[in-house]
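Chemist: One structure follows; several queries about it will come next.
The values are calculated or read from the model by the stated rules, or taken from the named source; none is laboratory data. All values derive from a computational prediction rather than experimental measurement. When we count neighbours, we look across all protein chains shown, and the Cβ atoms used for this are built from the backbone with ideal geometry, even at glycine.
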Amino acid sequence: MAALRVLLIGDDPLARSALAALLAQDAGLLLVGQAAPGEAAPLLPALDPDVVLWDAGLEHERDADAPLHGSERPLVALVAGEAQLALARAAGARGILRRDLDAPRLLAALHAVAHGLVVYDDAAAAALLRPVAAEPRALVEPLTPREQEVLQLLASGLSNKEIAQRLAISEHTAKFHVAKLLQKLGAESRSEAVFLAARMGLLVV
């Protein structure tokens, strides 16, 4: 039986190296490549992975860009906390696991997701299934129609440059809109903004 082909994505080279060593423990997995999130999409045709493993990093680090937006490749996301859960879901992750998950469960999850299953670890499932508060936090100021567009693209994992291209505006203007969104949502990061917007019912599924 052929080994499962895995593409590893993450911003931190040291974290990627650690994950690569972990994947090497499973003879049924073959690491076909590593890349930063913004560099992964062009590699797909040549590498042809069966499953993609994305390390979203730590929440106090710079905002993570969701990889492979619109791709049909099965994606497993490693998240540090709740603010990254909405980003992982928006990226289409079929597996969402905490970064401190033990190796056997991670390896099992990669096989399961590659074969069509959806896998959330206990911590991720508890957060995703938690009821939304009856009275969610109100916006500091209503969003403009343009900010609604930017929010939806932000939730899809697009960078400022990609948002600018999609809306035919300058990257500087896109960055301004994102900053205003964070201010109005009372968020400190892009991933937290998506998480809060989802809780407020502001995202169109």
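Chemist: Could you check Ile169 against (1) farther than 15 Å from Pro145 by Cα; (2) surrounded by fewer than 18 Cβ atoms within 10 Å (Cβ to Cβ) and say which number it fails?
Modeler: (1)
Chemist: Are there any helices (runs of 4 or more DSSP H) wholly within the range 100-205 with 1 or more residues that are modelled with pLDDT of 90 or more, and if so which?
Modeler: 103-114, 145-155, 160-167, 171-185
Chemist: Please go through the range 186-205 and give me each residue that is surrounded by fewer than 20 Cβ atoms within 10 Å (Cβ to Cβ), in contact (Cβ under 8 Å) with a residue 24 or more places away in the chain and among the charged types (D, E, K, R), ordered by number.
Modeler: Arg199
Chemist: Quick one: which of Ala56, Ala93 is in contact with a Ser or Thr (Cβ under 9 Å, 6 or more places away or on another chain) and at pLDDT 75 or above?
Modeler: Of Ala56, Ala93, the one residue that is in contact with a Ser or Thr (Cβ under 9 Å, 6 or more places away or on another chain) and at pLDDT 75 or above is Ala56.
Chemist: Those residues that are in contact (Cβ under 8 Å) with a residue 12 or more places away in the chain and exposed (fewer than 15 other Cβ atoms within 10 Å of the Cβ), I need them from the range 176-185; list them, please.
Modeler: Within the range 176-185, Gln183 is the sole residue that qualifies.
Chemist: Within the range 1-18, how many residues turn out to be in contact (Cβ under 8 Å) with a residue 40 or more places away in the chain and either touching a Gly at 6+ places or on another chain (Cβ under 8 Å) or charged (D, E, K, R) (or both)?
Modeler: 8
Chemist: For the condition under 23 Å from Val119 (Cα atoms) and surrounded by fewer than 17 Cβ atoms within 10 Å (Cβ to Cβ), what is the one hit in Gly38, Gly10, Gly28?
Modeler: Gly28
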